[in-house]
1. Where in the range 1-87 are the helices (runs of 4 or more DSSP H), entirely inside, with at least 1 residues that are under 16 Å from the mean Cα position of the chain (by Cα) and modelled with pLDDT of 85 or more?
2. Taking the stated definitions as given, is Leu98 at pLDDT below 80 and closer than 27 Å to Gln44 by Cβ?
Amino acid sequence: MIGPIILFVLFVISTYFVVKPFLSTSTGVTNPVQDNTPKPEELQKISLLKQIREVEFEREMGITVEEDFQRIRSELVEQVGGLLKRQGKSAKKGSKSLSGTTTCRHCHKSVSPDDKFCGHCGKSLDKTRCGTCGITVVPEAKFCSGCGAKQV
């Protein structure tokens, strides 16, 4: 007689512990399934950065010609820069900013601010300073635009 009572009590207790989580409305319990799906902009950025890495690998392996590499890479970097500007973030590649591209004054293609020569036309990107007033002048200038001094 006592055996069935003990079995019934054990059944009720085990049922309580099994059903309790389903009946609980506590907000302190976090949802173990979280949505970690990246946003479409993040996926696009990841895709572009992978493409840059792939183009660099192809150049190192000799699959891509240097001229094509420079063109493709600059287009991809420009796309990433535009995407980052839209996101309001800045990305760094080493110490260089991907979104900080400038244009060549000769061929008007995008180049990195740290480049010394244009990867498209091969012209020098260096700007020189006036010996008289110290402002930046383009290398081809015959006179300083700030003070009018003749450039050597």
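1. In the range 1-87, 40-60, 66-87 are the helices (runs of 4 or more DSSP H) which contain 1 or more residues that are under 16 Å from the mean Cα position of the chain (by Cα) and modelled with pLDDT of 85 or more.
2. yes
The values are calculated or read from the model by the stated rules, or taken from the named source; none is laboratory data. Remember, it's a predicted structure, so these values are computed and weren't measured experimentally. Note that each Cβ is placed from the backbone with ideal geometry, even for glycine, and that neighbours are counted across all protein chains shown.
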